[in-house]
Amino acid sequence: MVTVKSTCPVFFSILFLISHDGFTQKPGLRKWEAGLHAGAYVYQGDLTPNRYGSFETLRPGIGFFGTRIMNPVFSVRLLFNLAALAGNESVYKYPEWRQQRNFAFTASVKELTLLLHYNIRGSNYIERKYEPYVFAGGGVSAVNITRDYSRYNASYFGEQSDLHGRLAADAVTPTPKIVPIVPVGAGIRYNLSEKIAINLEGSYRFMHTDYLDGFSIAANPGFKDHYSSLTIGAAYKFGGKEKYGCPSVN
């Protein structure tokens, strides 16, 4: 059995190894970044037959971020995004019942996340033109969801269909306002200079809700909804002109 006493030294040793280089930087190393990005957001859920998301209803988004560079490999980024999401079954001709069910939704998204970045080439302090990276983290999305079933064709499904009752149940179920999210993703950055870089990034959000699109019982309650984004951005590196490192030992 693993005890807390035995695991604590290992845990703090890992934290020390991650952050150690951040406290022994040479003078002139840049420790901070600020930037912005913009791109397209893709809804994935019950209202699209595409397992990768509803690319037919892409919506825009913009984000602002600040990054603390910890060492040559790791950095921590605080990110705030403003975006929109949408889904609409009427854009799909097959299967036919989607244009008869005609569920749709729109949503505004305000997202705050804290991400740990891993520089695959370990070049946070080295001038390289291309730097691939991966990231993961956690955060919350504040969503304002508007569901629409005004074009639902009840006669197509018949009086014996249980869809009418399931839709009625969804109609009285409140949509979520704040949803925890787990973003994961990857990107590549191109350094234009020592201080300025541009990046291309893809991010996927895992969510524990099936009401991002406003429907669950009347659609597919066995699967949760998610969303993703593809963005391009720019960052400015600054700070880090410290004149000290670890104290010397005589």
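The values are calculated or read from the model by the stated rules, or taken from the named source; none is laboratory data. Predicted model, so just to flag it, every value in this text is computed and none were measured. Cβ: placed from backbone, ideal geometry, glycine included. Neighbour counts: every protein chain shown. Keep in mind that these areas ignore ligands, DNA and RNA; they rest on the heavy atoms of the full protein, side chains included. Shrake-Rupley method; radii C 1.70, N 1.55, O 1.52, S 1.80 Å.
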Backbone HN-Hα couplings from phi across the range 160-176 [Karplus 6.51/-1.76/1.60, Hz, Gly and Pro as x]: 7, 5, 7, 4, 4, x, 5, 5, 4, 5, 5, 4, 9, 8, x, 7, x
Histogram of C-alpha separations across the range 157-217, 5 Å bin width, %: 4, 13, 14, 12, 11, 10, 9, 8, 7, 4, 4, 2, 1, 0
Distant-in-sequence amide H partners of F206 (H built 1.01 Å from N, under 5 Å): V182, V184
The range 120-243 - Rg (one decimal) and Dmax (whole number), Cα, Å: 22.2, 78
Farthest positive-ward along the range 125-214 dipole, Cα basis, beta-carbon charges - from Y130, G185, M207: Y130
Within the range 139-165: backbone nitrogen closer than 14 Å to the Q99 label point (7 Å, Cα to C-beta): 153
Distant-in-sequence amide H partners of I196 (H built 1.01 Å from N, under 5 Å): K237
Given K129/K237; K93/K224; K110/K195; K93/K177; K110/K237, the pairs whose alpha carbons are separated by over 20 Å: K93/K224; K110/K195; K93/K177; K110/K237
Cα centroid separation, the range 28-98 to the range 199-236 (Å): 7
Fraction of accessible area attributable to carbon and sulfur, the range 164-219 (%, probe 1.4 Å): 73
Accessible solvent surface per residue of the range 99-250, calculated while the other protein chains remain in place, 1.4 angstrom probe, Å²: 54
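For the range 23-136, what is the convex hull volume of the alpha-carbon atoms per residue, in Å³?
Convex hull volume per residue, Cα atoms: 116 Å³.
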